[in-house]
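Quick notes on the structure that follows.
FYI, it's all coordinate maths here, none of it is from the lab. The structure displayed is predicted, hence computed values, not measured ones. No Cβ is skipped: glycine too gets one built from the backbone with ideal geometry, and neighbour counts run over all protein chains shown.
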Amino acid sequence: MAAALSLVALTSRRARCLSPGGALAIPTPGRDGLFNLIRTLPVTLKYENQLIVAEGDYVIAHGRFSGNGRPAAWVAADIIRIEDGRLAEHWDVLQDEATEGQSLGGLPMFGDRFPD
């Protein structure tokens with residue numbers, strides 16, 4: 001399940017970069033469109049999962065994307081609704097990872113230490 005969520009999360013990150021409205025926009029609908037989009041991701045992109053929580057038809061994955069060509073890694077929470085064993089809906093929250101100097105609460109956004 002974690003690998004599938006990572007795939008969905010990676011796809012949503014790339015789509016967010018491509019879509020002016022920030023919505024998941026796969027040029028070719030369906031499974032082929034999803035995999036074609038994933039093939040365009042930079043080879044440096046890395047996804048680290050920290051936590052997955054599931055209840056009923058909903059799954060939330062908390063993770064970090066680095067190597068995306070941006071100054072800061074992205075910390076993400078992906079919310080996925082499953083219907084009949086298939087991905088039905090997806091929402092996400094995406095934010096640049098805060099440094100220790102930027103953190104108002106004094107705690108890292110991901111893991112147990114601040115980014116270098």
key: Highest to lowest packing among 60-66, 92-98, 80-86, 109-115, scored as the average C-beta count within 10 Å   = 60-66, 92-98, 109-115, 80-86
In order through segment 83-100: 3J(HN,Hα) via Karplus (6.51 cos²θ - 1.76 cosθ + 1.60), integer Hz, x for Gly, Pro = 9, 6, x, 10, 5, 9, 8, 8, 10, 8, 10, 9, 8, 4, 5, 6, 7, 4
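Assign one of three labels to segment 45-111, namely rounded, prolate or oblate, based on the Cα gyration tensor with a ≥ b ≥ c the square roots of its eigenvalues; rounded applies when a/c is under 1.5, prolate when it is not and a/b is larger than b/c, and oblate otherwise. All intermediate terms of the calculation are to be shown ahead of the outcome.
On the way: a/c = 2.93, a/b = 1.94, b/c = 1.51.
Prolate.
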message = Under 5 Å between amide hydrogens, which residues at least 5 positions from A98 or on another chain qualify, with H placed 1.01 Å from N in the peptide plane?
response = M109
